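In what follows, a single structure is set out as structure tokens and then discussed.
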Amino acid sequence: SSIQLQDLVQLGKIGSGNSGTVIKALHVPDSKIVAKKVIPVENNNHLVVNQLVRELTIMKSVHPHENIVSFYGAYYTQSGSNEIVILMEYMNCGSLDKILSVYGRYCQRRQNLREEPWFNGLVISKISYAVLNGLSYLYEKYKIIHRDIKPSNVLINSRGQVKICDFGVSKKLINSIADTFVGTSTYMSPERIQGNVYSTKGDVWSLGLMIIELVTGEFPLGGRNDTANGILDLLQRIVNEPSPRLPSGGGYNFSREMIDFVNRCCVKDETERSSINELLCHDFIGKYRTKDKEFRHWCKKVKFCLKEDKQIRREDNERAKLEKK
Ligand code: ATP
Ligand code: MG
């Protein structure tokens, strides 16, 4: 039941990250849409690459789960350019970072900042539950630690499902030392930065930071700066400064349960930090347990806004092109 690469028709680029590009593709034999991640590799390292593909294939043995993006296969192609191709389930509302930036533009266009924010208590609770439930499954069943929880690795679809992707079976191979200094390895917990033993609690820290970013629109701990110095500086702040917190005042009005939940994730000393299973039992998760319909409704609204955003941006682009002429 493996997918053949030649049976895919590319439909367009979805996005790109540090390692490669993600493309929307149609699997013609069964008319199924898939996401195709293409990672270019230098052609001198076949041994490493084959090892990497072998490791990635282990992900195929992870059984489908409602909070894990399904994995369809990993390939190494040597025709023309050398690349690793990873096929996975396509999530039609995209990642949380994308939804966050679409929300930003949506507010700007409507100049309507008084409207209820997208990432309210219900939504954050449902996302947190999904992330924790996925993490718990990966660890309890396969002893896999995700290691890269951040908004771009949490995906949503209009059926109201939230799934995590890009868990690091092969992080050691993918991330050369250089890679750890570009982009957003800044969701790393203090113990990981300091090189201590890394447990599933590192992912709990990342979840806490992600929640703060989603509700404030900004990465906590003084923002991001993609120069090597900027990142070293940030890593130092994560270790030395007090734990990040949800803002109080400033027009925000978070529930008692949500504040407590985030406070339990963002504890610098990992022995004091709550575990995945403790957080799954937290009141903030329980509070919205019966609200699946409301969350599905939210996902549909997001899908609609994504479509609108794409359309407007396309028109803006075309107008800009015409003006240039
Ligand atoms: P980094 O390289 O730092 O991990 P990233 O997670 O954004 O960053 P990629 O994993 O290459 O990089 O993903 C690029 C973008 O493609 C993501 O931000 C997300 O919006 C989108 N994307 C990834 N996988 C899927 C998927 N299965 N379905 C829909 N969109 C996806
Ligand atoms: Mg990713």
- prompt: Could you list, in sequence order, the residues of the range 16-32 that are within 6 Å of ligand 1 (Cβ to nearest atom) and in a strand (DSSP E or B)?
  reply: SER16, VAL22
Exclusive hit being surrounded by 12 or more Cβ atoms within 10 Å (Cβ to Cβ), β-branched (Val, Ile, Thr) and assigned to a helix (DSSP H, G or I), set VAL267, VAL239: VAL239
- line: Of the residues in the range 242-262 that are in a helix (DSSP H, G or I) and either touching a helix residue (DSSP H, G or I) at 6+ places or on another chain (Cβ under 8 Å) or acidic (Asp, Glu) (or both), the one that is surrounded by the most Cβ atoms within 10 Å (Cβ to Cβ) is PHE261
- prompt: Of the residues that make up the range 130-149, is at least one assigned to a loop (DSSP other than H, G, I, E, B), modelled with pLDDT of 95 or more and of a type outside the set (S, T, N, Q)?
  reply: no
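Quick grid of which residues meet (1) assigned to a loop (DSSP other than H, G, I, E, B); (2) in contact with a Leu (Cβ under 7 Å, 6 or more places away or on another chain); (3) aromatic (Phe, Trp, Tyr):
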| site | (1), (2), (3) |
| --- | --- |
| LYS36 | no, yes, no |
| LEU52 | no, yes, no |
| ILE86 | no, yes, no |
| MET91 | yes, yes, no |
| LEU100 | no, yes, no |
| ARG105 | no, no, no |
| TRP118 | yes, no, yes |
Residues that are among the hydroxyl-bearing types (Ser, Thr, Tyr) and within 15 Å of ligand 2 (Cβ to nearest atom), drawn from the range 116-172: SER152, SER170
task: List every residue pair whose Cβ atoms lie under 7 Å apart, where the two residues are 6 or more positions apart in sequence or sit on different chains, the first residue falls within the range 78-90 and is at pLDDT 90 or above, and the second residue, located anywhere, is of a type in the set (Ser, Thr, Tyr).
output: VAL85/TYR75; VAL85/THR77; LEU87/TYR72; MET88/SER70; MET88/TYR72; GLU89/SER70
query: Tally time: how many residues in the range 42-52 are touching a residue at least 12 places away in the same chain (Cβ under 8 Å) and either within 14 Å of ligand 1 (Cβ to nearest atom) or of a type in the set (S, T, N, Q) (or both)?
result: 3
field: Selection status of VAL204, modelled with pLDDT of 80 or more, among the aliphatic types (A, V, I, L, M) and away from ligand 1 (no atom under 16 Å from the Cβ)
entry: yes
- prompt: Could you count how many residues in the range 186-216 are assigned to a helix (DSSP H, G or I), over 19 Å from LEU100 (Cα atoms) and not aliphatic (A, V, I, L, M)?
  reply: 7
- prompt: Name the pairs: first residue in the range 94-117 and under 21 Å from ASN157 (Cβ atoms), second residue outside any helix (DSSP H, G or I) and at pLDDT 90 or above, Cβ to Cβ under 6 Å, at least 6 apart or on different chains?
  reply: SER95/LEU155; LEU96/VAL154; TYR103/TRP118
- request: Residue by residue through the range 1-15, note down the ones that are away from ligand 2 (no atom under 13 Å from the Cβ) and assigned to a strand (DSSP E or B).
  value: LEU8, VAL9, GLN10, LEU11, GLY12, LYS13
task: Out of the residues in the range 116-165 that are among the β-branched types (Val, Ile, Thr), closer than 15 Å to SER70 by Cα and within 12 Å of ligand 1 (Cβ to nearest atom), state the one that is surrounded by the fewest Cβ atoms within 10 Å (Cβ to Cβ).
output: ILE164
message: Looking for something farther than 22 Å from LYS98 by Cα, in a loop (DSSP other than H, G, I, E, B), away from ligand 2 (no atom under 16 Å from the Cβ) and of a type in the set (S, T, N, Q) - is there at least one such residue anywhere in the range 66-77?
response: no
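Criterion first (modelled with pLDDT of 90 or more and part of a loop (DSSP other than H, G, I, E, B)) does SER152 satisfy it?
Taking the combined requirement at face value, the residue does not satisfy it.
The values are calculated or read from the model by the stated rules, or taken from the named source; none is laboratory data. Remember, predicted model here, so these are calculated numbers, not experimental data. As a convention, Cβ positions derive from the backbone with ideal geometry for all residues, glycine included, and neighbour counts pool all protein chains shown.
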